[in-house]
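Here is the structure we will look at, set down as structure tokens.
The values are calculated or read from the model by the stated rules, or taken from the named source; none is laboratory data. Owing to the predicted nature of the structure, the values given are computational and were not obtained by experimental measurement. Here Cβ is always computed from backbone atoms with ideal geometry, including for glycine, and neighbour counts include all displayed protein chains. Accessible surface areas use protein heavy atoms only, side chains included; no ligands, DNA or RNA. Shrake-Rupley method; radii C 1.70, N 1.55, O 1.52, S 1.80 Å.
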Amino acid sequence: MPENQHPQRTASGRRLSPARRVRHAALEAADGAIRQGLKHPLLSPAVIARRMRGAESLRRAVGGKTVVITGASSGIGEATARQFAAAGAEVVLVARRSEELERVAGEIRQAGGDADTFTCDLSDRAAIEAFLTELTAAHPRIDIVVNNAGRSIRRSVVDSLDRFHDFERTMALNYYGPVAITLGLLQRMLDQGGGQIINVSTWATQLPSPQYVAYTSSKAALDAFTRGTAAELLGTGVTLTSVHLPLVRTPMITPALDAYRGMPSLSADEAAQLIADAAIGRGSRVEPAIVTLAHIGDAISARGTDLVMGAMQRMGLGPVGRSR
Ligand SMILES: NC(=O)c1ccc[n+]([C@@H]2O[C@H](COP(=O)([O-])OP(=O)(O)OC[C@H]3O[C@@H](n4cnc5c(N)ncnc54)[C@H](OP(=O)(O)O)[C@@H]3O)[C@@H](O)[C@H]2O)c1
């Protein structure tokens, strides 16, 4: 093992004691385990396939298929569009900023991929209806939809007493948007004998998440819609999947970077790999192993989770800080 991975000396040049070296190695091992636990779900068929066949497993899942990705002008949606297009999917990119969509689509085409774009404000029901009409005219067959467009709001409930609209606008985009798209495309997926809706959610629906209640409530509604509909549609060939992402370094978290400093996080590409796992495995839920372990702990003691999350908030750790 290279020496710089287990330093023998302190910054001031003094030799590290054996106890400190053991502690350092243990901390590094824990850090490595946390990073792996964030990147990979607990062993599942999708993960095994991804490990054994690498890029080939995504190619088999999405190659030649038409995949609609909302929120593809930035962050996780953009990274997902690139990965799916590189695996041979025709990607249909949706968001409000047409110039950003054209930038992503242009880069995908330049790399040999196939991309189309639609501008739509997905928090506006009438705009979604118009988009669905145009989409179905241009793409008679849609195989996969990744409902990824979303917005987060960080504000405590006591700071929100006169801000009911925070709850309305998170619901409009994070819940009603994906529901409207699903209802609009479901009959066609049933008629064509199959399809998949992947709904991008957050680990924070699995645990109490102080300061983010408007956001996590809208994503929790989306999770309930996903799980219930997935169970209703068993055997039809149409599947729904919730992806519970951890913290991901994208423009979404930029306004709260100070609060997140030091927290383990994924890159947008790593998050897109979890969405790829959803397309490969087609189960009803994908989440990093750490999230699964955390909600097993929560099932054993919800009070324990409340105490840990509350203590983290008081210590200034985790997604806390000034409201915006
Ligand atoms: N970043 C994280 O830590 C994290 C963690 C867990 C889950 N997530 C979820 O991951 C998803 C993607 O987030 P991200 O981190 O990639 O954020 P991002 O970089 O800010 O991207 C958000 C995307 O949503 C689109 N969008 C926002 N409002 C829209 C609207 N009204 N109509 C249509 N599109 C809209 C944006 O495009 P336009 O501005 O061009 O419309 C953009 O493409 C979200 O659902 C988020 O909740 C993120």
Options Arg53, Arg35: the member that is in contact (Cβ under 8 Å) with a residue 12 or more places away in the chain and either open to solvent by 10 Å² or more (accessible area, probe 1.4 Å) or farther than 25 Å from Gln192 by Cβ (or both): Arg35
Going through Ala289, Ala276 one at a time, which residue ends up being over 13 Å from the mean Cα position of the chain (by Cα) and surrounded by 16 or more Cβ atoms within 10 Å (Cβ to Cβ)? Ala289
Given the structure, is Gly228 more than 15 Å from the ligand (Cβ to nearest atom), free of Cβ contacts under 8 Å to residues at least 12 places away in the same chain and small (Gly, Ala, Ser)? yes
Give the stretch 59-75 a look and list any residue that's open to solvent by 20 Å² or more (accessible area, probe 1.4 Å) and more than 10 Å from the ligand (Cβ to nearest atom), or say none. Arg59, Arg60, Gly63, Gly64, Lys65
Of all residues being polar (S, T, N, Q) and at pLDDT 95 or above in the stretch 50-94, which is farthest from Thr119 (Cα to Cα)? Just the residue, please. Gln83
For the stretch 229-263, which positions are farther than 30 Å from Asp191 by Cα and assigned to a loop (DSSP other than H, G, I, E, B)? Pro246, Leu247, Arg249, Thr250, Arg261, Gly262, Met263
Which of the residues belonging to the stretch 230-254 are closer than 14 Å to Tyr175 by Cβ and out of contact with any helix residue (DSSP H, G or I) (no Cβ under 7 Å at 6 or more places or on another chain)? none
Going through the stretch 212-231 in order, the residues found to be surrounded by fewer than 23 Cβ atoms within 10 Å (Cβ to Cβ) and not small (Gly, Ala, Ser) are Tyr212, Val213, Asp223, Phe225, Arg227, Thr229
Which is more than 14 Å from the ligand (Cβ to nearest atom), touching a residue at least 60 places away in the same chain (Cβ under 8 Å) and under 22 Å from Gly37 (Cβ atoms), of Ile280, Ile300? Ile280
In the stretch 147-170, residues that are open to solvent by 50 Å² or more (accessible area, probe 1.4 Å) and under 18 Å from the mean Cα position of the chain (by Cα) total 1
Leu207 fails exactly one of (1) within 14 Å of the ligand (Cβ to nearest atom); (2) outside any loop (DSSP other than H, G, I, E, B); (3) surrounded by fewer than 23 Cβ atoms within 10 Å (Cβ to Cβ), namely (2)
Restricting the stretch 232-270 to residues that are more than 15 Å from the ligand (Cβ to nearest atom) and open to solvent by 80 Å² or more (accessible area, probe 1.4 Å), which is nearest to Leu222 (Cα to Cα)? Glu232
